[in-house]
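S.K.: Let me begin by handing over the structure; questions about it come next.
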Amino acid sequence: MDFTLSEEQLMIQQAARDFANNELLPGVIERDETQKFPFELVKKMGELGFMGMMVSEKYNGSGLDTLSYVLAMEELSKVDASASVMVSVNNSLVCWGLQTFGTEAQKEKYLTRLATGEIIGAFCLSEPEAGSDATSQKTTALDKGDHYILNGTKNWITNGSSAEVYLVIAQTDIEKGHKGINALIVEKGMDGFEVGPKENKLGIRGSDTHSLIFNDVKVPKENRIGEDGFGFKFAMKTLAGGRIGIAAQALGIAAGAYELSLKYSKERKTFGTEIANHQAIAFKLADMHTKIQAARNLVYQAACDKDSGKDYTLSGAMAKLYASEVAMETSVEAVQIHGGNGFVKDYHVERLMRDAKITQIYEGTSEIQKIVISRSVLKD
Ligand code: CAA
Ligand code: FAD
């Protein structure tokens, strides 16, 4: 596969790199400490076209391909994975889901504003008893003719308090199992919808993660995405692409940790020479570089599969599995290369190490990716 980037793709990559270094880097340590992400920055990312990258221009999007999206995700994630998860959820779960499966009215009403970053969205599948085991939905959406009545609790929802639009997966007909699940568009402010307290997290602390509580929320039927019972397939199909975005996030965290380590190892001297001249450090850099390049190939491959209309469930799962393991390994080694400085916040690598961990958990844990991959290879 030839991954030569076009002029346009190189421009997008550079724009994301500039934005990350000029706008995200200055406040990244403070945001990690305060767990607050100013919406101003989301607006700026929207102005640059990063919030609706794959959305058609007809709905105010940037009309770009998935490869451009992963290039931007990688650059943003090198500096601030909290910013990039907001971008990833909005792009690959919310906007892509609405653009691909929404009605024209839903696209006009929601997608046109989500794609510009005027508002952002959230994707609500996980529950206290339905994380990996996603078909075990306990949230109910009872069919009342022209509307649904939604009851239950979602947890771990990214953009939980900052979103205006929530795609909520819920069980309508328990007898039908996963075929009785629906996906509904819920708006902030609907009666009976409450946002729970913010989670105090290990990593991606700038991103707001909340539980959501639905108490007899009346959701009009026109807010259902797809046919009755399409909700679980909607979630799975959407997540298949979402995993490419998280794979790119993991790649960015790894590459960010590597770039900082490369620079540091050429500056820091011990025993009369730069630490890069000690083979133990040079070999760590060699391992990091090799694994990151392998991860990048998998991420680009999955993005190109999606762009060329091939099935990307397998390649997306492989990219996420591998890139997230590389993010974890690389960021741990980056802390080691930085010695004591690696253990303090000013040098950024400890934050990248904390941020890396989530990429092995959300949008399907590493174990779930192995289930997806093994089912696919066994089927073949
Ligand atoms: N595309 C289309 N349909 C799919 C599919 C896909 N990629 N994967 C599964 N399905 C369909 C199956 O074909 C099946 O339908 P049929 O019965 O009609 O054939 C149906 O969905 C149920 O599938 P399974 O029998 O395979 O279901 P399962 O109970 O064995 O679970 C699973 C499969 C892959 C483990 C799934 O439960 C899963 O993905 N779990 C992880 C959940 C997850 O990723 N959550 C992420 C939440 S969002 C998030 O995390 C965002 C964020 O952090 C930023
Ligand atoms: P569990 O499913 O309880 O898993 C516990 C452990 O058991 C894991 O190691 C898992 O891999 C393993 N395990 C479970 N089943 C199997 C099996 N069959 N075989 C082998 N091992 C297994 N969800 C959303 O819907 N929307 C969001 O925006 C969102 N954002 C998130 C943000 C953060 C910061 C976090 C922490 C989570 C977020 N999630 C979100 C939820 C996330 O997707 C789930 O945490 C994840 O899918 C795992 O589910 P769980 O936490 O219930 O773990």
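Rule-based calculations on the coordinates, nothing more; no lab input. Model, not experiment: these values are computed from the prediction. With ideal geometry, Cβ positions are generated from the backbone for all residues, glycine too; neighbour counts draw on all protein chains shown.
S.K.: Let me understand region 194-233 better: what is its radius of gyration from the alpha carbons, and its Dmax, in angstrom?
M.R.: That works out to 15.1, 39 Å for Rg and Dmax.
S.K.: Rounded, prolate or oblate: which fits region 126-225, taking a ≥ b ≥ c as square roots of the Cα gyration tensor eigenvalues, rounded meaning a/c under 1.5, else prolate when a/b beats b/c? Numbers along the way, then the final one.
M.R.: Details: a/c = 2.34, a/b = 1.44, b/c = 1.63.
In terms of gyration-tensor shape, oblate.
S.K.: Mind putting a number on the dipole of region 2-116 about its Cα centre? Charges go on the C-beta only, +1 for Lys and Arg and -1 for Asp and Glu, and I need it in Debye to the nearest 20.
M.R.: Numbers: 10 positive and 17 negative charges, 94 e Å.
Magnitude of the dipole: close to 460 debye.
S.K.: So who's got an amide H within less than 5 Å of the one on PHE193, skipping anything under 5 residues away but keeping other chains? H placed 1.01 Å off N, in plane.
M.R.: Here ASN215 satisfy the definition.
S.K.: Now a separate question. From the C-alpha coordinates alone, can you work out the Kirkwood hydrodynamic radius of region 193-261, in Å? Walk me through the numbers before you get to the answer.
M.R.: Values: mean 1/r = 0.0632 Å⁻¹.
Taking the inverse mean of 1/r over all distinct Cα pairs, region 193-261 comes out at 15.8 Å.
S.K.: Sorting check: for 136-143, 330-337, which peptide has the highest mean count of neighbouring beta carbons within 10 Å, and how do the rest follow?
M.R.: Values: 136-143: 18.9, 330-337: 23.2.
By packing density, highest mean first, the sequence is 330-337, 136-143.
S.K.: Right, something else. Pop out the ³J(HN,Hα) list for region 229-238 in order, Karplus 6.51 cos²θ - 1.76 cosθ + 1.60 with θ = phi - 60°, rounded to Hz; leave Gly and Pro as x.
M.R.: x, 8, x, 6, 5, 4, 4, 5, 5, 5
S.K.: Give the shape of region 217-356 as rounded, prolate or oblate, defined through the alpha-carbon gyration tensor: a ≥ b ≥ c are the square roots of its eigenvalues, a/c under 1.5 means rounded, and otherwise the shape is prolate if a/b is larger than b/c and oblate if not. List each step's numbers first, then the result.
M.R.: Numbers: a/c = 4.66, a/b = 2.32, b/c = 2.01.
The shape class here is prolate.
S.K.: Starting from the Cα of VAL344, move 7 Å in the Cα-to-Cβ direction to define the label point; list residues of region 254-286 whose amide nitrogen is under 18 Å from there.
M.R.: Residues passing the 18 Å test: 261, 264-265, 267-270.
S.K.: Would you mind checking which residues have amide H under 5 Å from TRP156's amide H? H placed 1.01 Å from N; only 5 or more apart, or other chain.
M.R.: HIS210, SER211
S.K.: Here's another thing I want to ask about it. How much length is gained on full extension from LEU142 to ASN215, taking 0.36 nm per residue of separation minus their Cα-Cα distance?
M.R.: Separation in residues times 0.36 nm, less the Cα-Cα distance, equals 25.1 nm.
S.K.: OK, next. Please report, for the Cα atoms of the chain, the Rg to one decimal and the Dmax as a whole number; what are they, in angstrom?
M.R.: When restricted to the Cα atoms of the chain, Rg and Dmax are 20.7, 78 Å.
S.K.: Determine ³J(HN,Hα), in whole Hz, for all residues of region 282-292 in sequence, where each value follows from phi through the Karplus function 6.51 cos²θ - 1.76 cosθ + 1.60 and θ = phi - 60°; x replaces Gly and Pro.
M.R.: Each residue of region 282-292 in turn: 4, 5, 4, 5, 4, 4, 4, 4, 5, 5, 5 Hz.
S.K.: Past the 23 Å Cα-Cα mark, which pairs from LYS188/LYS237; LYS109/LYS221; LYS263/LYS284; LYS233/LYS320; LYS36/LYS370? Walk me through the intermediate numbers first.
M.R.: Values: LYS188/LYS237 25 Å; LYS109/LYS221 15 Å; LYS263/LYS284 13 Å; LYS233/LYS320 20 Å; LYS36/LYS370 34 Å.
Listed pairs above 23 Å: LYS188/LYS237; LYS36/LYS370.
S.K.: Amide H to amide H under 5 Å from ALA130: which residues, 5+ apart in sequence or cross-chain, H placed 1.01 Å off N in plane?
M.R.: Under 5 Å from the amide H of ALA130: no residue qualifies.
S.K.: What is the Cα centroid distance between region 294-308 and region 108-137, reported in whole angstrom?
M.R.: Each part reduced to its Cα centre gives a spacing of 24 Å.
S.K.: Still on this structure, please answer the following. Going 7 Å from the Cα of ILE29 along its beta-carbon direction, which residues of region 327-368 have the amide nitrogen within less than 14 Å of the resulting point?
M.R.: Within reach of a label on ILE29, which here means backbone N under 14 Å from a point 7 Å along Cα→Cβ, region 327-368 contributes 341-352.
S.K.: Once phi is turned into θ = phi - 60°, what whole-Hz ³J(HN,Hα) does the Karplus curve with 6.51, -1.76 and 1.60 give for every residue of region 322-328, x standing for Gly and Pro?
M.R.: 6, 5, 6, 5, 5, 4, 5
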